[in-house]
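This report refers to the structure that appears directly beneath it.
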Amino acid sequence: MKKSPNWKNNTLSDTSNQTLERRLMAQAIELAATGIYTTAPAANFAGVFTLSGNVVASSARKTSIERCAIFQQAQALLRSEQDCDTVYLTSEPSHELAQILVTLGIKQLQLACLLEPEQTEWRNVCEQGNIAVAIGLLESEAKALNHDLWFRRQHGRPFVRLKLAASLDGRTALKNGQSKWITSSEARADVQLFRAKSDVILSGSGTVIADNPSLNVRWSELTPLHSIISQDQLRQPARVIIDNRQQLDQHYQLFGLPGDTYLVASSEHKNTQAKTLVIAEQNGHVCLSELMLKLATLSFNSVWVEAGQTLAGALLAENLVDEFILYQAPKLMGSSSRGLVDLPEYTQMSQVPELSLKQVDLIGPDLRLICVPKQ
Ligand SMILES: NC(=O)c1ccc[n+]([C@@H]2O[C@H](COP(=O)([O-])OP(=O)(O)OC[C@H]3O[C@@H](n4cnc5c(N)ncnc54)[C@H](OP(=O)(O)O)[C@@H]3O)[C@@H](O)[C@H]2O)c1
């Protein structure tokens, strides 16, 4: 008679065991977090292989295109005939990895969360191989590892972060358009980290014409990452520039930099060799919600916006901003300078959009505020 597997839902035997199991899963989650700069659009994923509570091997996915490093680690264990009894994975294994776990003689599989609950093939493999599966250990921590991927699956569009740099009086550029550099080098280094985590950097033609920005990630400015990833693992987010009036041409520096650049317009862009994302017009501009749906179909999970007040306001008006990251420098630029976002003229305070403050930090001499739309 076939032994029925032990499907547990985070029911752990005793306190000391629980502490050990949590510690081992925390180790897997920490490992998986090293992939947040490199694995997208694939999920961050890691595993810890143990024998009687002692770690025999551990491994994390490093890039989206590699054959998963955990898979290779499991094969290496097989080749060396290394024993292990329990594996801690941040999310469910592929069908192929589950087969290797069976061959390894694994008795128990601890999963923090399920990324694709509808997939059952790996479960059948575990069941036939008599691997007991427990799900839910440090579940919310593991889900947070793949926040933007979850968001895209749930909402059908990427998670959008709007970054703005302003003076203390909320100004983003002088009247003549100059905005380099309102904030400190520390704040700009912090922006590099956010860019490196993002799949897309979105901007508008106004910003490209005024600043000729590079909108890329630069290894030399990412020193906190040097101990986590290698330079060749660093990926360039795709640059997506809205230019419906086709004002841009090839001489702007971002077109010559490594990484993909897309222009967004309602018809094929004629002035550059960049790919065009053709998006229908709405009131004379490209439809921003349709653009987001298009980016989701290209498997982009997250969008980092660095734009002027026009595009920032348009995204807000369409409820397409999920998080605001505002760097505020202790400077005063005066009321002739440009504001933070273009919004309609309100006549009642009740009409004013409200945000909830999530986090406040000092980055060098500047303030960094992270806010979310008030529910
Ligand atoms: N402090 C900061 O954080 C910061 C960051 C970036 C830029 N800046 C400054 O901002 C200034 C440029 O800002 P800007 O406001 O002129 O330009 P922008 O916001 O960067 O770009 C405007 C773009 O948005 C598009 N657009 C406008 N309304 C739209 C709508 N309703 N739907 C869809 N697309 C829409 C326009 O497309 P069309 O082709 O249809 O017109 C245009 O391509 C510069 O001075 C720059 O230095 C400051």
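Summary of computed values
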read-out: Within the range 263-348, GluC sites (Glu not before Pro) in DSSP loop having at most 11 other beta-carbon neighbours inside 10 Å; value: GLU268, GLU345
read-out: Distance between modelled label sites at THR297 and SER266, nm, 7 Å Cα→Cβ extension; value: 1.9 nm
read-out: With all protein chains modelled, accessible area of TYR346 [1.4 Å, Å²]; value: 80 Å²
read-out: Furthest towards positive pole of dipole, ILE29, GLY156, ALA307, structure part the chain, Cβ charges; value: ALA307
read-out: Area of PHE324 that stays accessible when all protein chains are in place (1.4 Å probe, Å², to 10); value: 20 Å²
read-out: Relative contact order, percent, the range 7-145 [alpha-carbon distance under 8 Å, six or more residues apart]; value: 25 percent
read-out: Cα pair distances exceeding 25 angstrom across the range 70-200, given as percent; value: 50 percent
read-out: Dipole in debye (nearest 20) - the range 7-145, about Cα centre, beta carbon charges: Lys, Arg +1; Asp, Glu -1; value: 220 debye
read-out: Carbon plus sulfur fraction of accessible area for the range 87-170, probe 1.4 Å, in percent; value: 46 percent
read-out: Alpha-carbon radius of gyration plus Dmax, which is the widest Cα pair, for the range 81-135 in Å; value: 10.2, 33
read-out: Helical contribution to [θ] at 222 nm, DSSP H n ≥ 4, -39,500 (n - 2.57), averaged over the chain, rounded to 500; value: -8000 deg cm²/dmol
read-out: Max mean-square fluctuation residue, GNM over the chain, Cα-Cα springs under 10 Å, options THR90, THR38, THR15; value: THR15
read-out: Alpha-carbon Rg/Rh ratio, for the range 251-375, with Rh computed the Kirkwood way; value: 1.00
read-out: FRET E, pair ARG218, GLN82, Förster distance 45 Å, beta-carbon r, rounded to 0.05; value: 0.65
read-out: Simple spin-label estimate for HIS251 and SER356 in nanometres, 7 Å along Cα-Cβ; value: 4.9 nm
read-out: In sequence order, calculated HN-Hα J values of the range 151-165 (Karplus, 6.51, -1.76, 1.60; Hz; x Gly/Pro); value: 4, 4, 5, 6, 9, x, 9, x, 6, 10, 10, 9, 9, 9, 10
read-out: Debye, to nearest 20: dipole size of the chain, +1 on Lys, Arg Cβ, -1 on Asp, Glu Cβ; value: 260 debye
read-out: Accessible solvent surface per residue of the chain, calculated while the other protein chains remain in place, 1.4 angstrom probe, Å²; value: 49 Å²
read-out: Net charge of neighbours whose Cβ lies under 15 Å from the Cβ of ASN176, counting Lys and Arg as +1 and Asp and Glu as -1; value: +3
read-out: At 1.567 mPa s and 4 °C, Stokes D of the range 122-280 from Kirkwood alpha-carbon radius, µm² per second; value: 69 µm²/s
read-out: Computed FRET value (nearest 0.05) for LEU51 with ARG23, which takes r as the C-beta separation and R₀ as 25 Å; value: 0.95
read-out: Heavy-atom accessible area order for SER230, SER220, largest first, 1.4 Å probe; value: SER220, SER230
read-out: All-pairs alpha carbon distance profile, the chain, 20 Å steps from 0, percent; value: 25, 49, 23, 3, 0
read-out: Length-normalised contact order for the chain - Cα pairs under 8 Å, 6+ apart - percent; value: 17 percent
read-out: Neighbourhood charge, 10 Å Cβ-Cβ cut-off, centred on LYS275 and excluding it, Lys, Arg +1 and Asp, Glu -1; value: -2
read-out: In Å², nearest 10: area of TRP181 left accessible to a 1.4 Å probe; value: 140 Å²
read-out: Heavy-atom accessible surface of the range 221-375: percent carbon and sulfur, 1.4 Å; value: 51 percent
read-out: Of LEU78, GLN359, PRO93, farthest towards positive along the dipole that unit charges on Lys, Arg, Asp, Glu beta carbons give the chain; value: GLN359
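The values are calculated or read from the model by the stated rules, or taken from the named source; none is laboratory data. Please read all numbers here as calculations on a predicted model, not as lab measurements. Cβ atoms come from the backbone with ideal geometry, glycine included; neighbour counts cover every protein chain shown. Ligands, DNA and RNA are excluded from the accessible area calculation, which covers all protein heavy atoms including side chains. Shrake-Rupley method; radii C 1.70, N 1.55, O 1.52, S 1.80 Å.
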